[in-house]
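Peer 1: One structure is given below, represented as C-alpha cells, and several questions about it will come after.
The values are calculated or read from the model by the stated rules, or taken from the named source; none is laboratory data. Predicted model, so just to flag it, every value in this text is computed and none were measured. Note: ideal-geometry Cβ built from the backbone for every residue, glycine included; neighbour counts use all protein chains shown.
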Amino acid sequence: MSITSIKFDNEAVLSGLGLEQLLKMARAGETVNENQRLLDKASANVVGQCLAHQGTFYELDHYPSGDVYDSETHSQYYYHSHRPEGGEHGHFHTFLRAKGMPADLKPIDYKGEATVPSGDDALAHLIAIAMNQPGQPISLFTVNRWVTDESWYSAQDTIAMLDYFKMDHTFPCLAVNQWMTAMLVLFRPQIEALLLERDKTLKNWSALHPGTDIYEDRNLELTSFLSINIADQVAAIQDELGRRDVSAQPVAKSA
C-alpha cells in the first residue's frame, strides 16, 4: 500500500501554538543547526557518525551496532536502509522503552497471535526520520507494528511520550544525540499529526480487511508520511514569532 503525504498546513498550525511551545521549537531549531554546523566543520554528518567504524554497510542492519540507547531516559534509536526510493539513503527509527514512559500509559489490548513485547520490555516507536545521501532529513513517517516489532500504543499515548525522548550521552557522537533530541521538538506538530494519521490509517485498513490482524499485515507498512525541510521549518517558526513581535532566546547547549 502506498502512502501519500498527509495534508499539513504548517502556517495555520504554528499560529495556533502557545508562545512557550513556539520558543521551545525555535531553540530546538537552533540546536539542530548548531550541531550540523559543528559536524560540517569536520566534514561529517549525523548519518556518517552512526556508520563510522561499523565496517561494511549492509542493508537492514542496525547502525550503530546494538542501537543507541540512553539507560537513564530509556530513549533509543538506530539507522538502517532498505527503501532506496524518493532520494532516501536510509532512515532513523526512534523509540521510548517502558521504563521511560509515564506509568499510566499502557499498550493496547492486542488480540492477535504475534509475540508482542510487554512489561519492562515494552517499547513504542515514536517517529522515523528519512535521510538523503548528503545526510539531511527529507521526511518523517510512521510504520505498522510488525515493521519495528514494537508494543502498540494509541496515537495520543505515543504523543504523550514525545516529551520523554532525550539522548543524553556521547555515543556514537554528542552532536548526533543532541540533533536527534532536538529534531523531535522542532517538528513536534508534524509528528503529532503523523501519529494521529497513523491510527486513522489502521482504522480504515481494518474496515477494508475484516478478520485480518492489521498490525501484522505485510501489505501495510508505512502508515503516514510527510516531507520536511529544516530551513523551511525554522523560517516558519521565526515568521510566526515575528508576527507576535517575539524573538527566540539564545540557543541552549542541548534541546
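Peer 1: Could you please find all residues in the range 155-202 being over 24 Å from Ala122 (Cβ atoms), among the hydroxyl-bearing types (Ser, Thr, Tyr) and crowded, with 24+ Cβ neighbours inside 10 Å?
Peer 2: none
Peer 1: Which one of these is surrounded by fewer than 19 Cβ atoms within 10 Å (Cβ to Cβ), modelled with pLDDT under 95 and not small (Gly, Ala, Ser): Leu60, Leu17, Leu23?
Peer 2: The unique qualifying residue is Leu60.
Peer 1: Considering (1) closer than 15 Å to Lys166 by Cα; (2) modelled with pLDDT under 95, say which one Phe92 fails and leave the rest.
Peer 2: (2)
Peer 1: Another question, if that's okay. (1) free of Cβ contacts under 8 Å to residues at least 24 places away in the same chain; (2) assigned to a helix (DSSP H, G or I); (3) over 30 Å from Glu113 (Cα atoms): which one isn't true of Asp245, the others all being true?
Peer 2: (2) is the only condition that Asp245 fails.
Peer 1: Sticking with this one: Can you list residue pairs whose Cβ atoms sit under 7 Å apart, with the first residue in the range 161-176 being within 18 Å of Glu30 (Cα to Cα) and the second being surrounded by fewer than 17 Cβ atoms within 10 Å (Cβ to Cβ) and modelled with pLDDT of 95 or more? Count only pairs 6 or more apart in sequence or on different chains.
Peer 2: Every condition considered, the pairs that remain are Asp168/Glu72; Ala175/Leu38.
Peer 1: Pairs, please: C-beta under 6 Å, at least 6 apart or cross-chain, first residue in contact (Cβ under 8 Å) with a residue 24 or more places away in the chain and in the range 93-117, second surrounded by fewer than 11 Cβ atoms within 10 Å (Cβ to Cβ) and among the β-branched types (Val, Ile, Thr)?
Peer 2: none
Peer 1: Could you pull out the residue among Glu20, Glu72, Glu88 that is among the acidic types (Asp, Glu), in contact (Cβ under 8 Å) with a residue 40 or more places away in the chain and more than 19 Å from Leu126 (Cα to Cα)?
Peer 2: Exactly one of Glu20, Glu72, Glu88 is among the acidic types (Asp, Glu), in contact (Cβ under 8 Å) with a residue 40 or more places away in the chain and more than 19 Å from Leu126 (Cα to Cα), namely Glu88.
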